[in-house]
Amino acid sequence: MTGSEFIANVFPYIAVGLFFAGTGWRFVQWLALPAHVKWTLHPVPEGLASQLKYMAKEIFTFETLYRFNRRLWVGTFCMHMAMLGAVLFLVLNLIGWTQGFPVRYCLWLLAVSVIYIFWLRLVDGNLRVLSSFEEYFNLAFLAVVATAGLRASVPHASSSSRSYILGLLTFQPGGTSLAWDQLLAVFLVSLFLIYLPWSKMIHYISKYFTYHHINWQKE
Amino acid sequence: MTERHQPSQDTDPKYSYRSEKTLPREERVVRFLETLREILGAKIYNLPLELYLGTCAKCNNCAEQCQVYQTSGDQRDLPAWRSDLLRKVYKKYFTRSGKLFGRLVGAKALTEEDIDDMVDAFYRCTMCRRCGVNCPLAVDNALITRIGRVLLESLGFVPTNMTVSTRAQLGETGNTSAIPKPAFIDTLDFLEEELKDETGIDIPIPRDVEGAEYFFAAPVSDFIMEADTLLGIAKTFHAAGASWTVSTENYDAINYGLFYSDVVLEKVLNRLLEPVHRLKCKTLVIGECGHATKSGFLFQKILGRPEYRGIQLKNIIEVSHRFLREGKLKLDPAKNPGVYTYHDPCNLGRGAGLYEQPRELLKAVVQNFVEMTPNRQMNYCCGGGGGLVVVEDLHDWRMSAGGIKKADQIRLTGAKYVVAPCANCKKQLRELVQAHRLGVEIVGLHDLIGKAIVLQKDA
């Protein structure tokens with residue numbers, strides 16, 4: 001097996017496996033921590049429906065940022081919606097409901113919004129003071145992934161990205177004919193998936209704990 | 001700076017408040033890390049600490065909600081920056097990524113200068129938790145401030161006023177004002193006489209009654225300065241026909257441990273719970289005091305002795321509100337003319353969820369009520385929260401960066417009276433009224449209930 005074949009046909013499975021294993025491990029680690037001091041922050045939404053409503057609103061609108069930090073909200077909202085949109089439209093594309101261009105639009109939006117946030121962290125005095133190498137690295141990593149994805153999503157004569165992903169999903173990987181830019185995108189996306197659970201971007205699960213186990217703790 | 005703000009000789013003049021005995025500089029780093037290790041070993045903060053220190057996105061949303069930063073514009077008052085002081089150290093010594101990658105992941109070895117920054121920063125936060133309400137990731141910087149202060153306490157950095165009061169409370173008298181038992185009993189007798197003079201009815205303040213349903217504990221300062229609040233509470237219990245008692249020992253609900261020490265918090269809390277358990281009372285009712293309520297509500301189940309964990313805890317507002325709902329209180333709002341507004345004490349609002357009950361009580365006892373803006377979970381702190389109200393050295397800070405937002409907020413209501421059911425808030429607000437010539441009067445909620453309550457001779 002050549003290096004290219006490994007990246008195209010094996011590495012994505014390893015990355016997805018490590019992503020779920022890492023996320024699961026961190027979830028279980030946090031869940032297993034001993035009972036902590038009660039640190040409820042009121043008001044607590046009453047009942048599961050209210051709590052889900054609050055979370056959904058926050059996840060899909062970033063209302064808290066919208067109210068207090070509009071400049072950052074523009075970038076953050078676009079970045080997260082672009083990520084969500086890219087995944088959603090990719091799925092729709094794979095099942096044949098949409099063309100590939102909505103995914104490309106989302107990747108464009110992702111790249112631009114990440115660069116905007118990066119710029120904002122550099123020019124806003126307070127954000128600059130607060131930002132460490134890690135914040136910039138995460139944004140740069142995401143920008144590179146989005147850009148690579150954009151490049152790879154351009155129709156290729158030799159191989160279709162859609163066919164390649166379908167092959168992966170049906171456990172019949174056929175990435176031997178991938179172009180270099182497609183290979184690079186696969187490599188970077190896989191790396192990002194491996195990195196994600198160990199970075200502070202783990203907030204896709206940490207929010208469950210900070211809200212449900214701490215802020216909204218009743219007893 | 002006035003004379004009272006001059007540091008004493010045994011104080012390091014670099015710091016803004018007086019501490020009694022601090023460790024020599026060269027010993028501080030080692031002790032700090034030892035204490036942090038002990039805190040993590042105690043395992044009661046691990047989840048919030050790990051999440052708060054590990055996942056903050058540094059979006060700075062907290063600063064937009066912090067009244068201190070909004071006033072001072074000082075970098076030291078950025079909540080995320082302050083928390084970062086501890087975050088860097090935690091990462092460096094207690095996380096794998098920090099040990100491996102150091103500054104690349106925001107970790108940094110602790111220095112004596114970092115500790116200087118912490119001494120300054122952690123006592124410029126009122127721990128009001130307003131910044132946590134709209135944090136997208138639900139990070140609460142107030143807890144990090146609290147842990148920071150616990151760490152600093154191990155180096156000797158605690159405002160002297162807090163340690164002196166706590167020493168008295170844990171000593172022979174059992175209260176922060178060091179009032180001897182006979183003097184306290186005289187005070188109770190005096191309050192009973194006042195009740196008789198005012199109402200013509202014998203309204204007892206029961207003492208050490210075994211089996212009483214409600215065990216009432218107020219901050220001791222109420223017995224010295226807030227007689228009207230206590231008279232109102234006694235009338236409320238009496239009107240409701242409740243079985244209640246106070247203790248003549250360990251009756252002081254104040255718990256400054258909440259602001260700087262788990263060891264102190266635990267000792268004080270258990271001293272308060274001991275007579276409740278001994279007298280077989282069902283419910284401990286905390287008076288008009290925010291931090292005392294919160295220290296009980298949040299820490300009873302984890303720092304209270306196992307035999308004390310079954311005791312119910314209530315704030316007096318909850319009890320009075322229940323009496324109101326049950327129709328046990330007959331109230332005449334005409335007895336409280338004028339325009340009233342309500343200050344949400346941070347520890348009763350964000351800390352205990354008491355937003356609507358005090359408003360329902362207030363609307364039942366006054367004719368004209370106006371809201372402050374903002375209010376409830378977004379209300380501004382009085383500016384003396386986190387125990388800073390007792391730190392005389394920080395008086396000028398409390399009147400400016402700490403409290404100016406509150407002063408402006410009060411002025412805009414046009415109210416004549418500000419109702420604040422918290423002893424610390426009352427003290428700070430009265431100082432603000434004086435410093436900013438607000439021309440309003442600060443009163444307790446039960447002061448007004450006491451005036452409005454209609455008592456029957458045979459109640």
Using Cα springs under 10 Å in a Gaussian network model of chain A, which residue among A:Glu134, A:Glu46, A:Glu58 shows the largest mean-square fluctuation? A:Glu46
Return the Cα extents of the range B:21-157 along principal axes one, two and three, sorted largest first, each rounded to a whole Å. 36, 34, 28
Given the DSSP H assignment, sum -39500 (n - 2.57) over each helix run of at least 4 residues in the protein assembly as shown and divide by its residue total; what's the result at 222 nm in deg cm²/dmol, nearest 500? -17000 deg cm²/dmol
Sort by residue number and name the cysteines in chain B that have no neighbouring cysteine Cβ under 4.7 Å. B:Cys56, B:Cys59, B:Cys66, B:Cys125, B:Cys135, B:Cys281, B:Cys289
Counting pairs of alpha carbon atoms under 8 Å apart in space and at least six apart in sequence, what relative contact order in percent does the range B:177-325 give? 25 percent
Here, B:Glu172 and A:Arg70, labelled 7 Å along Cα→Cβ, have an inter-label distance in nm of 6.5 nm
If I take every Cα pair under 8 Å that is 6 or more residues apart in chain A, average their sequence separation and divide by the length, what percent do I get for the relative contact order? 35 percent
Per residue, the convex hull volume that the Cα atoms of the range A:116-196 enclose (Å³): 97 Å³
May I ask you to compute the full-extension gain from A:Ala32 to A:Val16, defined as 0.36 nm times their residue separation minus their alpha-carbon distance, rounded to one decimal in nm? 3.4 nm
Taking just the alpha carbons, could you work out the radius of gyration and Dmax for the range B:312-385, both in angstroms? 13.1, 37
Assuming R0 = 25 Å, what is the FRET efficiency of B:Arg278 and B:Glu198, from their Cβ-Cβ distance, to the nearest 0.05? 0.15
Inter-probe distance in nm under a simple model that places probes 7 Å from Cα toward Cβ, at A:Asp124 and A:Leu92: 3.0 nm
Would you mind pulling out the separation of the Cα centroids of the range A:1-43 and the range B:413-429, in Å? 49 Å
Over all pairs of different Cα atoms in chain A, the reciprocal of the mean inverse distance gives a Kirkwood radius in Å of 19.5 Å
Dipole of chain A, Cα-centred, from +1 at each Lys and Arg C-beta and -1 at each Asp and Glu C-beta, to the nearest 20 debye? 400 debye
Selection from B:Ser247, A:Val144, B:Val339, by position along the positive dipole direction of the protein assembly as shown (Cβ): A:Val144
Identify the GluC sites (Glu not before Pro) of the range B:303-355 meeting these criteria: DSSP loop state and at most 11 other C-beta atoms within 10 Å of the C-beta. B:Glu326
Length-normalised contact order of chain B, Cα under 8 Å, at least 6 apart, in percent, tallies to 16 percent
Let's see if you can work this out: charge +1 on each Lys and Arg Cβ, -1 on each Asp and Glu Cβ, no other charges. What is the dipole magnitude of the protein assembly as shown about its Cα centre, in debye to the nearest 20? 2080 debye
In the Gaussian network model of chain A, springs joining C-alpha atoms below 10 Å, which of A:Leu168, A:Leu196, A:Leu48 carries the largest mean-square fluctuation? A:Leu48
Using 5 Å bins from zero, what percent of all Cα-Cα pairs in the range B:333-452 falls into each bin? 2, 12, 24, 25, 20, 11, 4, 1, 0
For the protein assembly as shown: rounded, prolate or oblate by the Cα gyration tensor [a/c cutoff 1.5]: prolate
For the range B:243-327, the Cα convex hull volume per residue in Å³ comes to 92 Å³
Space enclosed by the convex hull of the alpha-carbon atoms of the range B:99-181, per residue, Å³: 140 Å³
Could you tell me whether the range B:389-431 comes out rounded, prolate or oblate from its Cα gyration tensor? Rule is a ≥ b ≥ c as square roots of the eigenvalues, rounded for a/c under 1.5, then prolate if a/b exceeds b/c, otherwise oblate. oblate
Exceeding the 31 Å Cα-Cα cut-off - candidates B:Lys280/B:Lys416; A:Lys38/B:Lys58; B:Lys43/B:Lys92; B:Lys196/B:Lys406; A:Lys200/B:Lys267: B:Lys280/B:Lys416; B:Lys196/B:Lys406; A:Lys200/B:Lys267
Averaging over every viewing direction, what projected area does the convex hull of the Cα atoms of chain B cover, in nm²? 21.6 nm²
The range B:94-100 - phi-based ³J(HN,Hα) in whole Hz, Karplus 6.51/-1.76/1.60, Gly and Pro as x: 10, 10, 5, 4, x, 5, 7
Expressed in angstrom and rounded, the centroid-to-centroid distance over alpha carbons for the range A:150-219 and the range B:115-151 is 36 Å
With +1 on each Lys and Arg Cβ and -1 on each Asp and Glu Cβ, how big is the dipole of chain B about its Cα centre, in debye rounded to the nearest 20? 1700 debye
Between the range B:201-260 and the range A:73-98, what is the separation of their alpha carbon centroids in Å? 60 Å
Tail weight of P(r) past 21 Å, computed on alpha-carbon pairs of the range B:177-325, percent: 40 percent
Among A:Gly174, A:Gly100, A:Gly47, which one shows the highest mean-square fluctuation when chain A is modelled as a Gaussian network with alpha-carbon springs under 10 Å? A:Gly47
Estimate the FRET efficiency between B:Ile224 and B:Val454 by the formula 1/(1 + (r/R0)^6), using the beta-carbon distance for r and 35 Å for R0, to the nearest 0.05. 0.75
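Here, each number is a calculation from the coordinates, and none is a lab measurement. Just so we're clear, the structure is a prediction, and the values are computed from it rather than from any experiment. FYI the Cβ positions are ideal-geometry reconstructions off the backbone, even for glycines, and counts take in every protein chain you see.
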